[in-house]
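Some notes on the structure that comes next.
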Amino acid sequence: MDSLGTVGTLRVGLIVAFTLLGLFFSFVSMTGVLRLPDVYSRAHTASQADTLGAGFGLAAVALAVGWEGAGFKSVLLLFFIFVTNPTAAHAIARAAFEEGIVPWTEGDDRR
């Protein structure tokens, strides 16, 4: 038998999977912020993919450290990020709209 047991092996597998998913979504978010043409598209990718990346990363941390102090704090941080990231992206997009920044359209050469 292995020293971790079935539950320990499953836990380590989930930690690795959540970490890899977090890295993937964070990379997608970074690529979107660098490559997308306007503030509206960038705000969208930052709120969606970045929230998923941070969520999976914090879920991996919570699984790795357990449910005592640090695990509970990482779950609270996860909830905070799920609430604030989309709210901040909405505020940025709304401010851009109120400033008169027009969205990028196909054929627009503002890239």
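The values are calculated or read from the model by the stated rules, or taken from the named source; none is laboratory data. Predicted model, so just to flag it, every value in this text is computed and none were measured. Glycine gets a Cβ as well: all are built from the backbone with ideal geometry, and neighbour counts include every protein chain shown. Accessible surface areas use protein heavy atoms only, side chains included; no ligands, DNA or RNA. Shrake-Rupley method; radii C 1.70, N 1.55, O 1.52, S 1.80 Å.
Give segment 46-60 a look and list any residue that's open to solvent by less than 20 Å² (accessible area, probe 1.4 Å) and of a type outside the set (A, V, I, L, M), or say none. Steps first, please.
Our first condition is that a residue be open to solvent by less than 20 Å² (accessible area, probe 1.4 Å); within segment 46-60, this holds for 47, 49, 51, 53, 55, 60.
If the condition is that a residue be open to solvent by less than 20 Å² (accessible area, probe 1.4 Å) and of a type outside the set (A, V, I, L, M), then S47, T51, G53, G55 are the ones that fit.
Only one of these is in contact with a helix residue (DSSP H, G or I) (Cβ under 8 Å, 6 or more places away or on another chain) and open to solvent by less than 50 Å² (accessible area, probe 1.4 Å): L36, L63, L77. Name it. Walk me through how you get there before you give the answer.
Working: L36 fails: open to solvent by less than 50 Å² (accessible area, probe 1.4 Å); L77 fails: open to solvent by less than 50 Å² (accessible area, probe 1.4 Å).
Sole residue among the options that is in contact with a helix residue (DSSP H, G or I) (Cβ under 8 Å, 6 or more places away or on another chain) and open to solvent by less than 50 Å² (accessible area, probe 1.4 Å): L63.
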Original post:
For G5, all conditions in the list (1) of a type outside the set (D, E); (2) at positive phi; (3) in contact with an Asp or Glu (Cβ under 7 Å, 6 or more places away or on another chain) hold save one; what is the number of the exception?
Top reply: (3)
**OP:** For S26, work out the one condition from (1) touching a residue at least 12 places away in the same chain (Cβ under 8 Å); (2) surrounded by fewer than 17 Cβ atoms within 10 Å (Cβ to Cβ) it doesn't fulfil.
**Re:** (2)
Subject >> Matching entry among G107, G100 (being open to solvent by less than 70 Å² (accessible area, probe 1.4 Å) and out of contact with any Gly (no Cβ under 7 Å at 6 or more places or on another chain)) >> reply: G100
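Looking at segment 80-94 only, could you name the residues that are among the hydroxyl-bearing types (S, T, Y) and surrounded by fewer than 12 Cβ atoms within 10 Å (Cβ to Cβ)? Even if it seems obvious, please write down each step before you answer.
Here is the first cut: in segment 80-94, the ones among the hydroxyl-bearing types (S, T, Y) are 84, 87.
The one that is among the hydroxyl-bearing types (S, T, Y) and surrounded by fewer than 12 Cβ atoms within 10 Å (Cβ to Cβ): T87.
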Subject >> Yes/no for F79 being under 16 Å from the mean Cα position of the chain (by Cα) and at pLDDT 90 or above >> reply: yes
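When you look at F27, is it under 10 Å from the mean Cα position of the chain (by Cα), aromatic (F, W, Y) and closer than 30 Å to L4 by Cβ, yes or no? Spell out the reasoning first.
Values: under 10 Å from the mean Cα position of the chain (by Cα): yes; aromatic (F, W, Y): yes; closer than 30 Å to L4 by Cβ: yes.
Taking the combined requirement at face value, the residue satisfies it.
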